[in-house]
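The values are calculated or read from the model by the stated rules, or taken from the named source; none is laboratory data. Because the structure is a prediction, the values reported are computed rather than measured. A quick note on method: Cβ atoms are made from the backbone with ideal geometry, for glycine too, and the neighbour counts reach across all protein chains shown.
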Amino acid sequence: MGEQQAGRARADDGDLGTHAPTFRGGRPRGKGPFAPDPSRGTPRGPAPGRRVWPAACRTASVPEVNTQAEIDQEIEAAAQQPGGPQPRIDYAPYRSSVLRHPKQPLHLVDPESVELWAPAFGHRDVADDEADLTIQHAGTPLGERIVVTGRVLDGDGRPVAGQLVEVWQANAAGRYRHQRDQHPAPHDPNFTGVGRCLTGPDGTYRFQTIKPGPYPWRNHLNAWRPAHIHFSVFGTEFTQRLVTQMYFPGDPLFRYDPIYQSITDPKARELLVAQYDHDLTTPEWNTGYRWDVVLTGTHRTPLDTGDPS
Ligand SMILES: [Fe+2]
């Protein structure tokens, strides 16, 4: 890792960046916080075309509802301002970032003391099958089976071996298995949406998973996140943890998404988009995407930097 950063993840409204898996019990098997709550039925959604918040969202906690057109105008205005390759941490179209972005300089912290209370790497070694998110339950999850692979590199293009790479994502219907996600899309009993692996000697990671669906969030009226997979890369200490998101090429929701657009440099945004790679496909089985994570330098992968919680 080229530089230390306090371990943190973005707490997107309706997104679960803050609620990354901790893998304390090893490979998830339908238990713990990601297990479905049997007391909750599958809520019915509004009729097509009706602009109605899901029940969990129709509360006084939504003080102001802007339209997509209003957010689009703000995104366009923000794009005219000079910006760097990393997300703006107080990006107005991304509403909550204005209220919760760090206002004081970040402090380096003692890694040993942090690891007394911070999420653990897990209580056992990383098993090879933890990189396959499609075999964690008795049945096969629904959706497009994909391979996502790439390399973790330093700023000079050198591979970073032995890195713990964690991923978490929504299912094919755009639903997280998490109590905070209550939007009316179905759970998949055969998909938890978390995985991890270690990079090989050449810095390569590889996951087998299901292509996630887009999902609504409550930034504004009819706000939808482009399909994405959350990535976490550890260094040698928890305080070096880096969190970011990988997107899929050609997503029509890119232009409407304030989180994606909070990186105002178009070339930097593109670094978050995987490439379809037909060489990764397997006949009758999976398609494939390739995406490298670059830790430092001018080609550094943009990070989730907006929220310290
Ligand atoms: Fe997400």
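Listing for the model above:
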read-out: Out of Asp202, Asp129, sole residue that is at pLDDT 90 or above, outside any loop (DSSP other than H, G, I, E, B) and over 22 Å from Gln245 (Cβ atoms); value: Asp129
read-out: Residue in the range 226-234 that is within 16 Å of the ligand (Cβ to nearest atom), in a strand (DSSP E or B), within 18 Å of the chain's Cα centre (by Cα) and over 30 Å from Ser96 (Cα atoms) present; value: no
read-out: Residue check, Val114 at pLDDT 75 or above, surrounded by 14 or more Cβ atoms within 10 Å (Cβ to Cβ) and out of contact with any Leu (no Cβ under 6 Å at 6 or more places or on another chain); value: no
read-out: Test: residue in the range 262-269 that is within 16 Å of the ligand (Cβ to nearest atom), without any contact (Cβ under 8 Å) to a residue 40 or more places away in the chain and not in a helix (DSSP H, G or I); value: no
read-out: Pairs, first under 18 Å from Gly200 (Cα atoms) and of a type outside the set (D, E, K, R) in the range 155-171, second outside any strand (DSSP E or B) and within 16 Å of the ligand (Cβ to nearest atom), C-beta under 9 Å, six or more apart; value: Val167/Pro21; Val167/Leu133; Val167/Gly193
read-out: Boolean, Val243 is in contact (Cβ under 8 Å) with a residue 24 or more places away in the chain, closer than 22 Å to Thr281 by Cα, in a strand (DSSP E or B) and within 15 Å of the chain's Cα centre (by Cα); value: no
read-out: Number of the condition not met by Val147 [criteria: (1) part of a strand (DSSP E or B); (2) within 16 Å of the ligand (Cβ to nearest atom)]; value: (2)
read-out: Cβ pairs under 9 Å, 6+ apart, first in the range 201-219 and closer than 30 Å to Val65 by Cβ and among the hydroxyl-bearing types (Ser, Thr, Tyr), second assigned to a strand (DSSP E or B) and within 13 Å of the ligand (Cβ to nearest atom); value: Tyr215/Trp224; Tyr215/Arg225
read-out: Candidate set: the range 150-171, residues that are in contact with a Pro (Cβ under 9 Å, 6 or more places away or on another chain) and not hydrophobic (A, V, I, L, M, F, W, C); chosen: the one nearest to the ligand (Cβ to nearest atom); value: Gln169
read-out: Test: Gly195 is closer than 26 Å to Asp279 by Cβ and within 16 Å of the ligand (Cβ to nearest atom); value: yes
read-out: Conditions (1) among the basic types (Lys, Arg); (2) in contact with a Ser or Thr (Cβ under 7 Å, 6 or more places away or on another chain); (3) at pLDDT below 95; number of the one not met by Arg218; value: (2)
read-out: Residues satisfying the stated conditions in the range 243-253, i.e. within 16 Å of the ligand (Cβ to nearest atom) and either under 30 Å from Leu106 (Cα atoms) or in contact with a strand residue (DSSP E or B) (Cβ under 6 Å, 6 or more places away or on another chain) (or both); value: Val243, Thr244, Gln245, Met246, Tyr247, Leu253
read-out: Enumeration of residues in the range 248-264 that are within 14 Å of the chain's Cα centre (by Cα) and over 24 Å from Gln81 (Cα atoms); value: Phe248
read-out: Subset of the range 199-235 (residues that are among the hydrophobic types (A, V, I, L, M, F, W, C) and either touching an Asp or Glu at 6+ places or on another chain (Cβ under 9 Å) or more than 21 Å from Trp291 (Cβ to Cβ) (or both)); value: Phe207, Ile210, Trp217, Leu221, Ala223, Trp224, Ala227, Phe231, Val233, Phe234
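Yes or no, residue by residue, for (1) surrounded by fewer than 20 Cβ atoms within 10 Å (Cβ to Cβ); (2) touching a Lys or Arg at 6+ places or on another chain (Cβ under 8 Å); (3) modelled with pLDDT of 95 or more; (4) among the aliphatic types (A, V, I, L, M):
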position	(1), (2), (3), (4)
His228	no, no, yes, no
Glu237	yes, no, no, no
Val243	no, yes, no, yes
Gln261	no, yes, yes, no
His299	yes, no, no, no
